[in-house]
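Undergrad: Below is one structure. I have some questions about it.
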Amino acid sequence: MSNESTTQEQEQNGDAERTSEQLVELAKRRGYFFQSSGAYGGVGGFYTFGPQGASLKSNVEDAWRDRFALEEGNMEIDAPTIMPEPVFEASGHLEGFDDMLVECSECGESHRADHIVEDNTDFEDAESLPIPEVEEVIAEHELVCPSCGAGLAGEAVEAFNLMFATNIGPGDSQPGYLRPETAQGIFVEFPRLKEYARNTLPFGVTQIGRAYRNEISPRRSIIRTREFTQAELEYFIDPEEDEPDLSAVEDVGVRLYPVTEQNAEDGNEIETTIGDAVAKGVITDPWVAYFLGIAQEWYDSIGVDMDRFRFRQHLSGERAHYASDCWDAESEIDRNWIEIAGFAHRGDYDLSKHAEHSGDRFTIFKQYDEPKTVERATVDPDMSYLGPEFGGDAQAVVEELEALAGRDRSAFDDEPVEIELEGESHEIPVEKTGFAVEEQTEAGEHVVPNVIEPSFGVDRVVYTVLHHAYREDEVAGEERTYLELEPEVAPTFAGVFPLQNDDELEAQADDIASELREAGLSATYDDSGNIGRRYRRQDEVGTPFCVTVDYETIENEETTVTVRERDSTDQKRLPVDGLAETLVALREGNVAFSELEGE
Ligand code: GAP
């Protein structure tokens, strides 16, 4: 069968920044994504995924679910996006989820002060600087407003909280917030979720859903928006006992950029394997290493270009308030590295905070193999003494004595016992505390699990997949743009066309499209414009194969169609009988198009 002639060497787009411009234009034209509420002038930081984009995004989410929920044996939940204020008091978001805001008094535009510093000076981690220092850097370097060019020296830099506030119910008596991360929906439900996990560690809970951040300056289309989708896994472990199966990922090759290399003058990324990185202490936590290995393979499988991908460790000032170690997955877009996921060791921060604020039990009871006899220090204070002595504070004194007995029994060796209450110290005779050390038999203990969190930004994955798939070449003397999307995520797997407007051809093409859909393939029927235009249209949205019904199909004894492969533009005549099975095999990667027998 003759092929469309294609330039042998596909021209990779030389001008990186042009790729993003072209991509955003293509995304709008072909229904991938576009700014929302355009009829009302649009509003920064909100995007609508069109028919192609919604399908690509949902395919990415399905692929993530398959790998991180189903294959790993983790649960999935779907929690509300609005949560009451106490949740975010406990999580620390109300107090510390801030970015640095500077407003230009000339044009009134708001900007991220740390971004202005990073974009115009040698500072790489301005986010970790204290606000007065950022103000000084702006003044010293005479930095200007990116919108109007006016000097920003002397402008106040302020901490701006990124949470979207709302009221739950009528009036303003119950403040609520749109969640800034899906994670909190998992943490607050831990007391119930642990029951579903039969109170046994380790276990993981996933969630794919919307998160909201009132970003100061949303930018780069869907890369930094105010409403976006996260796919998060909270993996709960017993820090003293649970270990991951590193053998499953030890040979996975990764490109790492650890803190040591970032801080070294001639530091570089390291090409290594997960096994080696753990053995050499480059990745210190084996659980983080395990999830980096899985993520590396997953990104590869959905079409992220591994030559434009790395894991970078957070510098100490960069880490979120809850994280003891964190690595970002980064993809290269227009010669810049963009964070597309974070892999954090959150310790017991979240569960301890929610326990403290809610009074509920955020622990797992760990049964010992054999019951243990342990010594416990207890108090049984004499209330007839504490009552008159401390009045309304007597109960607080009891609690302080209990806590003291738990943490430092030697404090009861001295006469009198000293305690502190609201910054004031008090003395209590030892005999009034009822202090005793008793032997107790315990069947187990309550442990606060630690959390390992792979957190993916779905929109950024979608953008990366599109950007890394963007190609331009020449076919039959004509310029062509196409998206080399992996079949697993491509919005449409096959375009089906009648060669010409002819009832018989159209009916046959329609039947074939239906058969393909019945076989679980997404197929689109297209009869508008000439066949060349239809190919270009499908190429531009990244459809891997096109099937054309022509007169040979209906005239010959054996019913055959033309199948064209997107990337090579090669064409083959294949029988309609078994076509769906053949295309399924192509989709699953069980056979390559070049291996198919056909004219
Ligand atoms: N639960 C942890 C957490 O939320 P994060 O690093 O703040 O961590 C995780 O966010 C991921 O969410 C990021 O790696 C990024 O891919 C995505 N993300 C964060 N802010 C975003 C925004 N404004 N627009 C689009 N994606 C965003």
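Please treat every number below as a calculation from the coordinates, not as lab data. In this text the structure is predicted, and so the values were computed from the model without any measurement. Please note: Cβ atoms are built from the backbone with ideal geometry, for glycine as well, and neighbour counts cover all protein chains shown.
Undergrad: Would you mind telling me which numbered condition in (1) in contact with a helix residue (DSSP H, G or I) (Cβ under 6 Å, 6 or more places away or on another chain); (2) over 22 Å from ILE294 (Cβ atoms) TYR368 fails?
TA: For TYR368, the exception is condition (1).
Undergrad: OK, next. Hey, can you tell me all the residues within the stretch 278-305 that are farther than 14 Å from ALA248 by Cα, touching a helix residue (DSSP H, G or I) at 6+ places or on another chain (Cβ under 6 Å) and in contact (Cβ under 8 Å) with a residue 24 or more places away in the chain? Full working, then the answer.
TA: Going through the stretch 278-305, the residues farther than 14 Å from ALA248 by Cα turn out to be 279-285, 299-305.
Checking the rest, the ones that are also touching a helix residue (DSSP H, G or I) at 6+ places or on another chain (Cβ under 6 Å) come to 283, 300, 302-305.
Within the stretch 278-305, ILE283, ILE302, GLY303, VAL304, ASP305 qualify.
Undergrad: So, in the stretch 127-159, exactly how many residues are in contact (Cβ under 8 Å) with a residue 12 or more places away in the chain and at positive phi?
TA: Going through the stretch 127-159 one residue at a time, the tally reaches 1.
Undergrad: Next question. Please verify whether the stretch 264-279 includes one or more residues that are closer than 30 Å to GLU109 by Cα, of a type in the set (A, V, I, L, M, F, W, C) and either part of a loop (DSSP other than H, G, I, E, B) or out of contact with any Phe, Trp or Tyr (no Cβ under 9 Å at 6 or more places or on another chain) (or both). So that I can check it myself, show each step before the final result.
TA: Step one: filter the stretch 264-279 for residues closer than 30 Å to GLU109 by Cα, giving none.
No, every residue in the stretch 264-279 fails to be closer than 30 Å to GLU109 by Cα, of a type in the set (A, V, I, L, M, F, W, C) and either part of a loop (DSSP other than H, G, I, E, B) or out of contact with any Phe, Trp or Tyr (no Cβ under 9 Å at 6 or more places or on another chain) (or both).
Undergrad: Inspect the stretch 419-432 for any residue being within 30 Å of TYR322 (Cβ to Cβ) and in contact with a strand residue (DSSP E or B) (Cβ under 9 Å, 6 or more places away or on another chain) and give the result as yes or no.
TA: From the stretch 419-432, those within 30 Å of TYR322 (Cβ to Cβ) are 420-423; that's our starting set.
Imposing the further condition that a residue be in contact with a strand residue (DSSP E or B) (Cβ under 9 Å, 6 or more places away or on another chain) reduces the set to 420.
Within the stretch 419-432 (the criterion being within 30 Å of TYR322 (Cβ to Cβ) and in contact with a strand residue (DSSP E or B) (Cβ under 9 Å, 6 or more places away or on another chain)), the answer is yes, since at least one residue qualifies.
Here's the yes/no breakdown for (1) of a type in the set (Val, Ile, Thr); (2) under 17 Å from the mean Cα position of the chain (by Cα); (3) surrounded by fewer than 20 Cβ atoms within 10 Å (Cβ to Cβ):
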{"residue": "GLU234", "(1), (2), (3)": "no, yes, no"}
{"residue": "PRO244", "(1), (2), (3)": "no, no, no"}
{"residue": "ALA248", "(1), (2), (3)": "no, no, yes"}
{"residue": "GLY267", "(1), (2), (3)": "no, no, yes"}
{"residue": "ILE274", "(1), (2), (3)": "yes, no, no"}
{"residue": "LYS280", "(1), (2), (3)": "no, no, yes"}
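Undergrad: Could you grab me the full set of residues in the stretch 500-524 that are crowded, with 19+ Cβ neighbours inside 10 Å and more than 28 Å from the chain's Cα centre (by Cα)? Talk me through it step by step, then tell me what you get.
TA: Applying the first criterion (crowded, with 19+ Cβ neighbours inside 10 Å) to the stretch 500-524 yields 505, 508-509, 512-513, 516, 521, 523-524.
Passing the criteria: LEU505, GLN508, ALA509, ILE512, ALA513, LEU516, ALA523, THR524.
Undergrad: Mind checking which strands (runs of 3 or more DSSP E) fall wholly inside the stretch 358-473 and carry at least 1 residues that are among the hydroxyl-bearing types (Ser, Thr, Tyr) and within 16 Å of the ligand (Cβ to nearest atom)?
TA: 450-457
Undergrad: Got a sec? Which helices (runs of 4 or more DSSP H) wholly within the stretch 123-232 have at least 1 residues that are of a type in the set (A, V, I, L, M), within 28 Å of GLY457 (Cβ to Cβ) and more than 16 Å from the ligand (Cβ to nearest atom)? Write out each step before concluding.
TA: On the way: elements: 131-140, 183-187, 190-196.
Here the list reads 131-140, 190-196.
Undergrad: Looking only at the stretch 560-578, count every residue that is touching a residue at least 40 places away in the same chain (Cβ under 8 Å) and surrounded by fewer than 21 Cβ atoms within 10 Å (Cβ to Cβ) and tell me the total.
TA: Looking only at that region, the number is 8.
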